[in-house]
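Asks: The following block contains the structure, expressed as structure tokens.
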Amino acid sequence: MEMGGYAGNVLHVDLTKNEIEREPLDPELAKSFIGGLGVNVKFAYDLIKPGTDPLSPRNVIIIGAGPLVGTIAPGSSRVYAVAKFPINNTIGWAGGGGMSFGCMLKNAGYDHVIIKGRAAEPVFLKISDDDVKICDAEGLWGKETNKTADELWKKHGRQAGIISIGQAGENLVKFAMAYIDKTSTLGRGGFGAVMGSKNLKAIIARGTKGVRVSDSKRFMKLCDELFERIKKYPRLKEWQDFGLLVSLPFLPKELYLEKLKKARICCTSCPIGDKDVIQIKEGEFKGLTAYTSSVVNMVMPMLLGLPYDKAVKCSALLDDYGMDMFEFFAVLDFVNKLYDNGMITKEYLESKIEYDVESLAEWARKIAYREGVGDVLAEGSRAVINEFGKESEKFAPPMAKGLTTYIGPGIWDRFGTLELDQILSPRGSHVGSGGSPTYFTVRPLEQFITHFDRMGIPEDAVKRIMPEPRDWPWGVQTGLVSPEEKMGLNVGRLTRYSEDWFTALACLGTCARAQINRFYSAKTCAELYSAATGIEIDRKELMRRAERVWNLLKAANVREGFSRKDDKPPESWFEKPTFMDYTGKVEITREIANKFLDYYYEERGWDVKKGIPTREKLLDLGLKSVAEDLERL
């Protein structure tokens, strides 16, 4: 290929036929969908036929790294995978910090890997420059995610990047995940089970070819400017020392430093180092070492009343099995509520599940190996409802398209783009659009304008997101203004642009975490892309291509039968305590939440009643064949 930034090849792997093929990356495809997540979505739309069983050989795995991955662009190492997810039958994306995998994949000469079929016996895929092989994984099958990675590193070298699954993925637990280099998670929604259904234990990548950029002088200048901004950031050292504990103080920093922290690690090209190597320094589990994308994830079981060391032990065990923590605890809590309300018999559960290390370890094993009632729980909360009847649904965890929501009232009470996009995202609940200024920290609305510009939001849209006058006296008691006016911020409209901003970063391969994306802007991203690839675009065109990707992802799920009926807020959101709007002045009722959906669809140019892209919108985005597909439904 003439273009820089791209490795220039797509790797096709047919596990059924034990065949490997390479083809050049179509330059027009790269231009239209940028790369990374965007090109993945296009491949998925073309290759995954509507109605495909997610755990059948007909499902396809597409893994890709964007055009900035493998370069020195700060924090640009993200890896994305797309497949049909078994937890909810959506065409979903899975994104993770690429550690060394994304960089190594690009250096081996590949932008994307497409895997179909099912191997007759357990295998792993080895990618080493032009040497690509489907290898026997019999000795790895049955091992944990971390032990799998360690054994592959021992044999093939520590520099290699590895995606691996544990026993949960092998046994098709529908909330099994894959792990990148033992650290980053990939695939909430059952991506690990999709790998397991193909008898694919791991993918290992190692490359030596390098990644060329088209205009190295211009690219270096842009990167130098970014690194200089990062160096001058007043809170840089705090972020480097504590990672997500800076904004999510789940445990005292002193405890983290003295009792848990062993090392801070990072993905290739990241100047922050937001990931952790944790080692318990004392007590029953002294010496236990675990890798994690954030210590915050490791200690989340503390919310259940566990002390920090036992929380880490439980989290590490779930990571070993390759199991989504959110779904694991959600389904256990669901079963306990059914037990408390007499809706579950001793045939299934002899006694209530205790939240202690021994009990949780036993239930993790039962689910990972599908033993007894663990076989039901391995199917997720929807399967529990099917097993125990419609009446049990009122005790189910809050879900969006079959995935437990991350955030709800009582945990976090402000309603921003992250909260709304849990129900709007085509793949189900996730945190992808949290990159807007509503993400956690409550800040004055007047500060949002700078962020809006950084996210590439057009001026006319800003006026709809924050309608005049911006200095309303709020008039809560006067009744003179609508709830939307009292808020001063239209989260429904903002969510559209938050998704597009996330998509632009995901296509390029740049980290969406706040500590990295805060230094980027749509303008900077467009300039980096232009310098890397030699394809000149401005920020408006970059955001248009990101919009095209998101509309295509939505269309893929419309073909699967999803529409506005599936963008339904959980009923528990409207029980006490409830969400408040971002400014804390208006309670989010069911009516207001539904109005936000109206605003979102309207801002996207979609059919408001159906919640799907219109023919006109798809044609405007150059997706004529997709428009024709949806017309035939």
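Asks: Just checking, which of Tyr110, Tyr179 is among the hydroxyl-bearing types (Ser, Thr, Tyr), part of a loop (DSSP other than H, G, I, E, B), under 25 Å from the mean Cα position of the chain (by Cα) and surrounded by 23 or more Cβ atoms within 10 Å (Cβ to Cβ)?
Replies: Tyr110
Asks: Which one is surrounded by the fewest Cβ atoms within 10 Å (Cβ to Cβ) among residues in segment 355-370 that are under 25 Å from the mean Cα position of the chain (by Cα) and touching a residue at least 60 places away in the same chain (Cβ under 8 Å)?
Replies: So, considering only residues that are under 25 Å from the mean Cα position of the chain (by Cα) and touching a residue at least 60 places away in the same chain (Cβ under 8 Å), the one surrounded by the fewest Cβ atoms within 10 Å (Cβ to Cβ) is Ala368.
A quick yes/no check of all residues on (1) modelled with pLDDT under 90; (2) assigned by TED's automatic domain parsing to the domain that holds Phe596:
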residue	(1), (2)
Leu403	no, no
Ile407	yes, no
Ile423	no, yes
Ser429	yes, yes
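Asks: For segment 397-421, how many residues are in contact with a Leu (Cβ under 9 Å, 6 or more places away or on another chain) and surrounded by fewer than 20 Cβ atoms within 10 Å (Cβ to Cβ)?
Replies: 3
Asks: Something else now. Would you check which residues across segment 478-513 are under 22 Å from Gly5 (Cα atoms) and either assigned to a helix (DSSP H, G or I) or without any contact (Cβ under 8 Å) to a residue 24 or more places away in the chain (or both) and list them?
Replies: Once the filter is applied, which keeps residues that are under 22 Å from Gly5 (Cα atoms) and either assigned to a helix (DSSP H, G or I) or without any contact (Cβ under 8 Å) to a residue 24 or more places away in the chain (or both), segment 478-513 yields Asp500, Trp501, Phe502, Thr503, Ala504, Leu505, Ala506, Cys507, Leu508.
Asks: Moving on. Which one is farthest from Tyr321 (Cα to Cα), of the residues in segment 371-396 that are of a type in the set (Gly, Ala, Ser) and surrounded by 15 or more Cβ atoms within 10 Å (Cβ to Cβ)?
Replies: Ser392
Asks: Does Met220 satisfy the criteria of being touching an Asp or Glu at 6+ places or on another chain (Cβ under 7 Å) and at pLDDT 95 or above?
Replies: no
Asks: Give the residue that is surrounded by the most Cβ atoms within 10 Å (Cβ to Cβ), with candidates limited to residues of segment 135-151 that are of a type outside the set (Lys, Arg) and not in a loop (DSSP other than H, G, I, E, B).
Replies: Thr145
Asks: Could I ask something else about it? Out of all the residues in segment 166-179, is one or more without any contact (Cβ under 8 Å) to a residue 40 or more places away in the chain, out of contact with any strand residue (DSSP E or B) (no Cβ under 8 Å at 6 or more places or on another chain) and charged (D, E, K, R)?
Replies: The answer is no; no qualifying residue exists.
Asks: Pairs, please: C-beta under 7 Å, at least 6 apart or cross-chain, first residue of a type in the set (Lys, Arg) and in segment 303-320, second at pLDDT 95 or above and in a helix (DSSP H, G or I)?
Replies: If the second residue must be at pLDDT 95 or above and in a helix (DSSP H, G or I), the pairs left are Lys310/Val357; Lys313/Val357.
Asks: Going by the structure shown, is Glu560 within 17 Å of Leu424 (Cα to Cα), at pLDDT 95 or above, surrounded by fewer than 24 Cβ atoms within 10 Å (Cβ to Cβ) and of a type outside the set (A, V, I, L, M)?
Replies: yes
Asks: Could you list, in sequence order, the residues of segment 13-44 that are closer than 12 Å to Val549 by Cα and assigned to a loop (DSSP other than H, G, I, E, B)?
Replies: Ile34, Gly35, Gly36
Asks: When segment 514-546 is examined, which residues are found to be part of a loop (DSSP other than H, G, I, E, B) and buried (at least 23 other Cβ atoms within 10 Å of the Cβ)?
Replies: Within segment 514-546, Tyr520 is the sole residue that qualifies.
Asks: Can you confirm whether segment 463-470 contains a residue that is at pLDDT 80 or above and under 30 Å from Ala44 (Cβ atoms)?
Replies: no
Asks: Let me confirm something: among Thr268, Thr185, which residue is within 30 Å of Val13 (Cβ to Cβ) and assigned by TED's automatic domain parsing to the domain that holds Gly97?
Replies: Thr185
Asks: Ok, one more. Report those strands (runs of 3 or more DSSP E) wholly inside segment 212-307 carrying at least 1 residues which are acidic (Asp, Glu).
Replies: 275-279
Asks: Please specify each residue of segment 232-245 satisfying the condition of being in contact (Cβ under 8 Å) with a residue 12 or more places away in the chain and loosely packed, with under 13 Cβ neighbours inside 10 Å.
Replies: none
Asks: For segment 411-421, check the following and say yes or no: at least one residue is of a type in the set (Gly, Ala, Ser), assigned to a loop (DSSP other than H, G, I, E, B) and over 22 Å from Ala546 (Cβ atoms).
Replies: Checking segment 411-421: not a single residue is of a type in the set (Gly, Ala, Ser), assigned to a loop (DSSP other than H, G, I, E, B) and over 22 Å from Ala546 (Cβ atoms).
Asks: Just a yes or no: is a residue in segment 64-82 assigned to a strand (DSSP E or B) and of a type outside the set (A, V, I, L, M, F, W, C)?
Replies: The answer is yes, given that some residue of segment 64-82 is assigned to a strand (DSSP E or B) and of a type outside the set (A, V, I, L, M, F, W, C).
Asks: Same structure again: Taking segment 6-57 as the search range and keeping residues that are among the acidic types (Asp, Glu) and either outside the structural domain of Lys174 (by TED's automatic domain parsing) or free of Cβ contacts under 8 Å to residues at least 60 places away in the same chain (or both), which one is surrounded by the most Cβ atoms within 10 Å (Cβ to Cβ)?
Replies: Ranking the candidates gives Asp26 first.
Asks: Being under 30 Å from Gln515 (Cα atoms), of a type in the set (Val, Ile, Thr) and in contact with a Gly (Cβ under 6 Å, 6 or more places away or on another chain), is that true of even one residue in segment 76-86?
Replies: Checked against the condition, which is being under 30 Å from Gln515 (Cα atoms), of a type in the set (Val, Ile, Thr) and in contact with a Gly (Cβ under 6 Å, 6 or more places away or on another chain), segment 76-86 yields at least one hit.
Asks: Out of segment 564-580, which residues are outside any helix (DSSP H, G or I) and out of contact with any Pro (no Cβ under 9 Å at 6 or more places or on another chain)?
Replies: Residues satisfying the conditions are Asp567, Lys568.
Asks: Could you grab me the full set of residues in segment 596-633 that are in contact (Cβ under 8 Å) with a residue 60 or more places away in the chain, under 26 Å from the mean Cα position of the chain (by Cα) and more than 21 Å from Pro458 (Cβ to Cβ)?
Replies: Those that are in contact (Cβ under 8 Å) with a residue 60 or more places away in the chain, under 26 Å from the mean Cα position of the chain (by Cα) and more than 21 Å from Pro458 (Cβ to Cβ): Leu597, Val626.
Asks: So in segment 256-273, with the set limited to residues that are farther than 15 Å from Lys182 by Cα, of a type in the set (A, V, I, L, M) and out of contact with any Cys (no Cβ under 7 Å at 6 or more places or on another chain), which one is surrounded by the fewest Cβ atoms within 10 Å (Cβ to Cβ)?
Replies: Leu257
The values are calculated or read from the model by the stated rules, or taken from the named source; none is laboratory data. All of these numbers come straight from a predicted model, not from anything done at the bench. Reconstructed Cβ throughout: ideal geometry from the backbone, glycine too, with neighbour counts over all protein chains shown.
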